[in-house]
Amino acid sequence: MQSRKIRFSHNKKKKWPMIVTVLVGAILITVPTIWIGLHDWNLDESLIALSPESSQNEPIPEPQDSSENDSIAVEEKPVSPLEPEETEELEEEPDELQESPTPPAEVPENNGYIPNQTLPDVPTIKNGFIIANKKNPLPSDYNKGEDQTAREAFDKMAAAAKVDGFELFAFSTFRSYERQVDLYNQYVEKDGQAAADRYSARPGFSEHQTGLAFDIGEVNFEQHWASSSFGETPAGQWVAQNAHLYGFIMRYPLGKEEITGYMHEAWHFRYVGVVPATDIYTNKQTLEEYLDL
Ligand SMILES: [Zn+2]
């Protein structure tokens with residue numbers, strides 16, 4: 001009896017450490033569970049919230065705005081040129097997706113624009129040529145539609161190309177100011193302003209608003225429309241070598257990015273008339289150089 005009593009009381013004493021252990025264990029399990037539960041059962045978030053710098057980590061850092069960072073804009077670039085083509089408007093305007101995926105290394109500050117420049121009331125005209133470039137925008141209400149003389153010249157060129165086996169098509173010509181607002185905003189939203197400025201004109205600055213710019217491609221070779229690869233196709237080479245005979249110039253030639261403000265566009269031609277076009281072609285000039293702008 002005696003010995004049992006002793007054993008009993010001995011056992012009772014031993015129970016306290018056990019209760020403490022169970023309680024501590026319960027706390028160890030319950031507290032983290034509640035903590036994680038408070039963070040939507042997201043383990044990463046719960047751990048971040050525990051760290052001393054949690055207040056800084058709270059907002060998950062967004063990628064920096066590409067308009068302030070050239071290198072980011074450059075990295076994003078390759079994604080852009082063709083994707084917009086798959087959106088609704090592509091049908092009529094594959095143009096904007098334009099600009100080749102390789103941005104020029106020497107991009108001028110402001111991408112060639114004069115900071116805070118506002119649109120004028122009248123267009124800039126030099127030696128009879130209406131100008132639309134990054135330094136000479138058009139009035140927002142300049143809205144004459146596609147130029148008839150340019151269309152007739154294009155049709156003549158297309159007829160000549162057909163004889164040589166190429167079926168040309170102008171997939172984008174006149175674009176209104178409002179249309180350019182929509183397009184440009186889409187590209188800025190998608191790629192950031194710095195990147196968008198390299199392949200799409202700001203509203204009022206697009207040569208398409210003059211009605212004299214024709215984006216040219218070959219029927220059944222839509223994969224080369226608004227792509228630098230057009231310049232490597234036989235049709236693209238035909239246009240490059242013959243457009244001046246019909247009054248068109250390749251407006252953004254390779255190697256002239258700093259002068260024109262745009263990357264090379266093998267598909268974008270501007271009507272200037274046969275004599276000026278032939279001069280510009282022969283002297284390997286841009287419109288800016290020809291007019292001394
Ligand atoms: Zn164009």
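Here, each number is a calculation from the coordinates, and none is a lab measurement. All values reported here derive from a predicted model rather than from experimental measurement. For neighbour counting, all protein chains shown are included, and Cβ atoms are generated from backbone atoms with ideal geometry for every residue, glycine included.
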Exercise. Using only the Cα atoms of the stretch 120-197, build the gyration tensor, take square roots of its eigenvalues as a ≥ b ≥ c, and label the shape rounded, prolate or oblate: rounded if a/c is under 1.5, else prolate if a/b is larger than b/c, else oblate.
Key: oblate
Self-check item: Label-point separation, Asp121 to Ser229 (7 Å along Cα→Cβ), nm
Solution: 4.9 nm
Quiz item: Sequence-distant or interchain residues sharing an amide H contact under 5 Å with Thr124, placed H: which?
Solution: Ile131
Practice problem: Anything over 31 Å Cα to Cα? Flag those among Lys126/Lys156; Lys144/Lys256; Lys190/Lys284; Lys134/Lys190, in the order listed. | Solution: Lys190/Lys284
Quiz item: By how many nm would the segment from Thr282 to Gln186 grow when fully extended, if each residue of separation counts as 0.36 nm and the alpha-carbon distance is taken off?
Solution: 30.8 nm
Quiz prompt | From phi via Karplus (6.51, -1.76, 1.60), per-residue ³J(HN,Hα) for the stretch 200-217 in Hz, x at Gly/Pro | solution = 9, 6, 5, x, x, 9, 7, 5, 5, 5, 6, x, 9, 9, 10, 8, 10, x
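What does the net charge come to around Leu119 if you take all other residues with beta carbon closer than 12 Å to its beta carbon, with K and R at +1 and D and E at -1? Could the numbers behind the result be given before it?
Values: positive: Arg202; negative: Asp121, Asp141.
Residues close to Leu119 contribute a combined charge of -1.
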Quiz item: Farthest toward the dipole's positive end in the stretch 179-288, which of Tyr184, Ser228, Gly255, given Cβ charges of +1 (Lys, Arg) and -1 (Asp, Glu) about the Cα centre?
Solution: Gly255
Quiz item: In nanometres, what is the gap between the two model label sites at Lys135 and Glu152, each 7 Å from Cα along Cα-to-Cβ?
Solution: 3.4 nm
Practice problem: Express in nm, to one decimal, how much length is gained between Ile114 and Glu167 on full extension, taking 0.36 nm for each residue of separation and deducting their alpha carbon distance. | Solution: 15.1 nm
Exercise. Sort 140-150, 126-136, 169-179 for me by packing, meaning the mean count of neighbouring Cβ atoms within 10 Å per residue, highest on top.
Key: 169-179, 126-136, 140-150
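Compute the Cα gyration tensor for the stretch 101-236, then decide on rounded, prolate or oblate, letting a ≥ b ≥ c be the square roots of its eigenvalues: rounded whenever a/c is under 1.5, prolate when a/b is larger than b/c in the other cases, and oblate in all that remain.
Numbers: a/c = 2.12, a/b = 1.34, b/c = 1.58.
Judged from the Cα gyration tensor, the stretch 101-236 comes out oblate (a/c at least 1.5, b/c at or above a/b).
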